[in-house]
1. If I take every Cα pair under 8 Å that is 6 or more residues apart in segment 1-115, average their sequence separation and divide by the length, what percent do I get for the relative contact order?
2. If you bin the C-alpha pair distances of the chain every 10 Å from 0, what whole percents do you get?
3. Just check segment 140-189 against the gyration tensor rule for me: Cα atoms, a ≥ b ≥ c as the square roots of the eigenvalues, rounded for a/c under 1.5, and otherwise prolate or oblate depending on whether a/b exceeds b/c.
4. Scan around residue 126 for amide H atoms under 5 Å from its own, H built in the peptide plane at 1.01 Å from N, and keep only partners 5 or more places away or cross-chain.
5. From the convex hull of the Cα coordinates of segment 1-136, what is the mean projected area in square nanometres?
6. Taking neighbour counts of Cβ atoms within 10 Å as a proxy for exposure, in what order, fewest first, do 41, 157, 237 appear?
7. Counting pairwise Cα distances across segment 1-81, what percent come out greater than 17 angstrom?
8. Within segment 124-147, which residues have the backbone N less than 15 Å from the label spot 7 Å out from residue 38 along Cα→beta-carbon, could you tell me?
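Values in this text are rule-based calculations from the coordinates and carry no lab data. Please read these numbers as outputs of a predicted model, since none were measured by experiment. Note that we place each Cβ from the backbone using ideal geometry, even for glycine, and neighbour counts take in every protein chain shown.
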Amino acid sequence: MTAFTPLAGTAARRRVVLMRHGHVSYYDPAGQPLNPKTAPLTDEGRAQVRAAAEALRDVPFGRIVCSGLPRTRETAEIVADGRGLAVEDDPGFLEIRAGRYRLIPKEERTAAYLYGFDGAHLPGARFAGGDVIAEVRARVVAALERWLAEPDWTHLLLAAHDGVNRLLLSWACGAGLSAVGSFDQDYAAFSVLDFDVEEGRVTRRILKAVNVTPGNLSKVGRHETGMEQVFRPLLALD
């Protein structure tokens, strides 16, 4: 017996919808960086999330979780609207952090910030001189496994971040850290992951959909990665 109602036609399967927050402006009108911890969604970001929420309208979520930062909480609250569910914060899903910008040699900044996950599999690899990528992967996977061991839900929404979602997707597909750089995450995109969970232990991981953007399914005009969008304005300040 499972401690939850399995997805129809399965013995022990439950579903996680993994979502990135909507568009955020990380820079002020003069182009100077803002504190990312407090940055809210923009009007564009709210529209993106509403489109995703409409696409997810028929998903019977039992839990709705976010990292706790304003941009993920607002994203989760838009999806939760009208469902009678409280959004739950879990700091285990907080975004990976870069290091001190000026401590990275200028000629290395593009690789460190825009493509900082390409070498994620290398021993001791850090994201842009900050957090050790493997340690953040261990943190976010442990957080997800805790939720997967929780009873009484079949569908869960997790509103998190670009780096966090990349790490979870690369773990879920079984490729590990070598795949982190390949899992781009657009604003307000969602992925659908199924997990077979027996006696609180994940026995199977299945990717059903990845990086779905309901407002632009064919990705017309979306040529930059999430990291390029976020960090190119920072590099332009040099």
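1. Values: 117 pairs, mean separation 22.3, N = 115.
Once normalised by length, the contact order is 19 percent.
2. 8, 32, 37, 18, 4, 1
3. Numbers: a/c = 2.56, a/b = 1.49, b/c = 1.72.
Since a/c reaches 1.5 but b/c is at least a/b, the shape of segment 140-189 is classed as oblate.
4. Hits under the 5 Å cutoff: 133.
5. Numbers: hull surface 46.1 nm².
Over every viewing direction, the Cα hull of segment 1-136 projects on average to 11.5 nm².
6. Working: 41 24, 157 27, 237 10.
Neighbour counts put them in this order, fewest first: 237, 41, 157.
7. Details: 1777 of 3240 pairs.
Above the 17 Å cut-off, segment 1-81 has 55 percent of its Cα pairs.
8. Taking a point 7 Å out along Cα→Cβ of residue 38, no residue of segment 124-147 has its backbone N under 15 Å.
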